[in-house]
1. Which of the residues spanning region 50-76 are assigned to a strand (DSSP E or B), farther than 15 Å from Phe39 by Cβ and of a type outside the set (A, V, I, L, M, F, W, C)?
2. Restricting the search to region 412-455, which residues are open to solvent by less than 30 Å² (accessible area, probe 1.4 Å), closer than 16 Å to Arg223 by Cβ and of a type in the set (Ser, Thr, Tyr)?
3. Only one of Ile368, Ile388, Ile354 is β-branched (Val, Ile, Thr) and open to solvent by 30 Å² or more (accessible area, probe 1.4 Å). Can you tell me which?
4. Scan His109, His47 and give me the residue that is at pLDDT below 90 and within 18 Å of Ser174 (Cα to Cα).
5. Give the residues of region 114-161 that are at pLDDT 90 or above and under 15 Å from Gly40 (Cα atoms), sorted by residue number.
6. Take the residues in region 435-460 that are in contact with a Ser or Thr (Cβ under 7 Å, 6 or more places away or on another chain) and in a loop (DSSP other than H, G, I, E, B); name whichever of them is nearest to Gln42 (Cα to Cα).
7. When you go through Tyr360, Tyr344 one by one, which is the residue that is touching a residue at least 40 places away in the same chain (Cβ under 8 Å), buried (at least 19 other Cβ atoms within 10 Å of the Cβ) and in contact with an Asp or Glu (Cβ under 8 Å, 6 or more places away or on another chain)?
8. Scanning region 19-33 for residues that are at pLDDT 90 or above and open to solvent by 50 Å² or more (accessible area, probe 1.4 Å), which turns out farthest from Trp427 (Cα to Cα)?
Amino acid sequence: MCIFKVVFLLFCTLFICASSAHIKGQFSTKEFFKFLVKFGFQKTDIHFQKETYGYIFGNITSNEHFKYPITFAVLDRRHFIHYYKNRDIIDKEAACQIMFQNLNISAYHPKCNVCGQDLFRRIPCTKGKLCIDEDTPWNVIRNNQFTYVIQNTGQPRFWYISMVSCYLDEATCSWHHYTGAPSMDNKTLTNSPQNIDYDFWLVNGSPNTSLFNTLVYQFSFDRQNTLELYLLFWLCYVILVPVQIYAMRTQQHPVTKLFTFSLILEFIALCFNVLHTVKFAADGIGFENLSVAGDIIDIMSRTLFMLLLLLLAKGWAVTRLELTYKPLVFGVWLAYGIVHILLYVWNTTEVDIIEEIDEYQTWPGWLILTLRVVIMVWFILELRNTMIYEHNITKLNFLLHFGASSLVWFVYLPIIALIALQISPLWRFKFLLGITYSADCLAFCVMAHLLWPTRSEQYLLLTSSDYTANIEELDEFNESPHVVHSDTIALTTAVSVNADDEEVIFTRPPQKNGTAFS
């Protein structure tokens, strides 16, 4: 129950950074700087003209009067790094000058730099009118105040959108800090904060042809095609889950129940992610809370599956009925689950947006990979010990196939985490998502095959509902060194129960050396 309490607390405290294509909110000048979103725009295809361009369009207004317009910035990584790193300078007047010193050469301004790129908008815009920088009204999307058209002619790129309380003095072409509302005489600025309301979209493709590219229109380039991935694996689980539920009902056994519960958790997580992604494709917002729930339930499913692998490696329900070192097994499982969830939280809240890294390139990520490798080594050692003391051919075959498939599942994550280091961030998320879901789905399919009732009854220790014998005594008998398992010598056990004193007597045929056991 502890892990469920931890998950509940994380749900209460988790702060999710927006990754929407539709951004709405309010900016206060007292914040000085606000990062809004990072969005990947696809490569422009000149053969399709503007249909493959990226667009940023929307409205930025205020109910208050601004003496000077502040800045809405749309920057690629090359321009963004220097600008972003200097936002924390204590002296905000100096911060404005340093942040924009490189951008003065690159950014367009009708008076200070007519040869620059279209990187800024002076905000807020007057309600009901276009922004002051929109000098080509025909280029602005209908019912919006501004429009950017992003052209990535070389390759896809990330663009970073932010607001900052800095304004350009057109007389001197120098940047200054906007402190707040103008004074009564309208000559100076006070420290009274002012607010700006924003509502804008970021899309890949022309808004006029959005119906023709629905599956990619709302998505950042690094998240494109994830909807197809989710739907593909959802269809796989739609088939697998009912089949496994039927198997569980046919064979009431703890191993089958534990595996089925893990599978159902994975299916629920996938359903949550599918719902979020489908809605995101429609409105650019989706169900963020549902997506977070799906990710955490997915982690719980994988950790529960890992627990099942450890239990089977120790021979539980295959060669013995009693589980040894219970505190250690469940302690490691709980620790792995908590660390994995903390990694998810860390990656969501603590990793700087400018860092183009995935979750496994952080110190919690390396920790979870190390812990996974340690558990894998432990799994191999436990499986080896179990196989040494097992002589039944059927059970050995099961353990051999089980160990091979489980080892692949354990080792795939560290390997793809290393491969991901060499992959561009624009493709890395899709790569990790595809490999992870493929490996998990394959592992569930293999386990369902191994634990199918007609097959598993040959090697799982099954007990009927009216079984009243002493389990510990039976387990000691099963592990006795005098017991010789063979596919040619059948073990015959006769159980005689005395109705008066309920005495249980085990008998078996004489051994090859002439001794008898009773």
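The values are calculated or read from the model by the stated rules, or taken from the named source; none is laboratory data. Everything quoted here is computed from the prediction, not taken from an experiment. All Cβ positions, glycine included, derive from the backbone under ideal geometry; neighbour counts span all protein chains shown. In case anyone asks, the SASA skips ligands and DNA or RNA and just uses the protein heavy atoms, side chains included. Shrake-Rupley method; radii C 1.70, N 1.55, O 1.52, S 1.80 Å.
1. Quick first cut of region 50-76, residues assigned to a strand (DSSP E or B) only: 54-61, 70-76.
Add one more test, that the residue is farther than 15 Å from Phe39 by Cβ, and what stays is 59-61, 70-71.
Within region 50-76, Asn59, Thr61, Thr71 meet the criteria.
2. Once the filter is applied, which keeps residues that are open to solvent by less than 30 Å² (accessible area, probe 1.4 Å), closer than 16 Å to Arg223 by Cβ and of a type in the set (Ser, Thr, Tyr), region 412-455 yields Thr436, Tyr437.
3. Values: Ile368 fails: open to solvent by 30 Å² or more (accessible area, probe 1.4 Å); Ile354 fails: open to solvent by 30 Å² or more (accessible area, probe 1.4 Å).
The match here is Ile388.
4. Working: His47 fails: within 18 Å of Ser174 (Cα to Cα).
One residue alone meets the criteria, His109.
5. The answer is Tyr148, Val149, Ile150, Pro156, Arg157, Phe158, Trp159, Tyr160, Ile161.
6. Leu451
7. Numbers: Tyr360 fails: in contact with an Asp or Glu (Cβ under 8 Å, 6 or more places away or on another chain).
Within the list Tyr360, Tyr344, the selection yields Tyr344.
8. Lys30
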